[in-house]
Amino acid sequence: MPVYVYWGEDDFSIEKAIALLRDRILDPNWIGFNYTSISPDQPDAAIIALNQVMTPIFGAGGRLVWLMNTTISQNCPENVLTELQRTLPVIPEDSFLLLTSRNKPDERLKSTKLLKQYAKEFREFPLIPTWKTELLVQSVLSGAEIVGVKLSPKCAELLAESVGNDTRLLYNELEKLRLYTEGSNQPLEVDIVARLVRNTTHNSFQLADAIIMGDTAKALTTLADLMNASEPGLRIVATLISRFRTWLWVKIMIESGERNQQAIAQAAEIGNPKRIYFLQQEIKSVSLPQLISTLPVLLELEVSLKQGASEISTLQTKVIELCQLYR
């Protein structure tokens, strides 16, 4: 079944999977003849891709046709569905069709059901939620094994805290650490990783801490440091939402009378229940209404940035507004 369907928000992991697919299918000497990528802005892109995948191969290796950022798993015109039904069952075994999308396929559609029927791989590449620290650490350890870097558990935790769910940044930092340790079989020390790794997520946590303390000056200074480090505004917002969401759940559980740390951790989706004690201390002096009123402000901030508002001024304005909630 020579069909591959990849989707999700982890662009870097999708790029890696596509590179592996290309290396496996194509002969390097015949790539120019047997590899086609079709962008979504081309008229009748899906029809072109289906025609291309049926074209005989030139020379050695296989053929790979990549239909980029397609929407046929969310909205498939009737003529495209007809062409899918006609073509998918008869694709030659040495020709391969790859479809990618950021959006999850709608499994109610006939086109999606058809693709699932003929797909060798029907795979999601999701970003790990930033509050799922155990999964982030697992991702770091998996990446370290692939790159060839020996990390202690403490180093893996520090790296996960530093890069969050940015897979591209993770592999960039792991490659940096690999070059640093080249020729050595010893695991990295925590202080070395702390010096070498770009730690913007940690600074975003510091921004959340400054906001919840109502310290406007410190919050703006931390924000300025993040912007000077070229940290994307939406990533800062994602970390803030994750942080305040966790605090809110912990506060809700405490206010409801729950004292079992395991139960609180489960509700807040925290892998390590031992963190609950420290989270309780962080929110001891803030009220539940304050935490509840924070999330709409963060949502407004996220929407404004996605709509193209000026990043620096919008972030500064909303950070000041958030600090006011905790004074």
L115 passes all but one of (1) touching a residue at least 40 places away in the same chain (Cβ under 8 Å); (2) of a type in the set (A, V, I, L, M, F, W, C); (3) open to solvent by 20 Å² or more (accessible area, probe 1.4 Å); (4) assigned to a helix (DSSP H, G or I); which number fails?
(3)
Is it the case that segment 198-206 has a residue that's closer than 22 Å to L291 by Cβ, buried (at least 17 other Cβ atoms within 10 Å of the Cβ) and either aliphatic (A, V, I, L, M) or touching a strand residue (DSSP E or B) at 6+ places or on another chain (Cβ under 6 Å) (or both)?
no
Are any residues in segment 32-58 in a helix (DSSP H, G or I) and exposed (fewer than 14 other Cβ atoms within 10 Å of the Cβ), and if so, which ones?
G32, N51
Qualifying positions in segment 147-195 - hydrophobic (A, V, I, L, M, F, W, C) and without any contact (Cβ under 8 Å) to a residue 24 or more places away in the chain
A156, L179, I192
I'm trying to understand the selection: among the residues of segment 207-239, which are open to solvent by 50 Å² or more (accessible area, probe 1.4 Å), under 16 Å from S313 (Cα atoms) and of a type outside the set (D, E, K, R)?
A217, L220, T221, N228, S230, P232, L234
Criterion (touching a Phe, Trp or Tyr at 6+ places or on another chain (Cβ under 7 Å) and under 26 Å from I128 (Cα atoms)) met by exactly one of L305, L295, L248, L315
L295
Scope segment 59-89; condition in a helix (DSSP H, G or I), open to solvent by less than 80 Å² (accessible area, probe 1.4 Å) and either among the small types (G, A, S) or without any contact (Cβ under 8 Å) to a residue 40 or more places away in the chain (or both); matching residues:
V80, L81, T82, E83, L84, T87, P89
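The values are calculated or read from the model by the stated rules, or taken from the named source; none is laboratory data. It should be emphasised that the depicted structure is a prediction, and the values quoted were computed from it without experimental measurement. Heads up, the Cβs are rebuilt from the backbone with ideal geometry, glycines too, and the neighbour counts pull from every protein chain shown. Heads up: the accessible areas ignore ligands, DNA and RNA and are worked out on the full protein's heavy atoms, side chains in. Shrake-Rupley method; radii C 1.70, N 1.55, O 1.52, S 1.80 Å.
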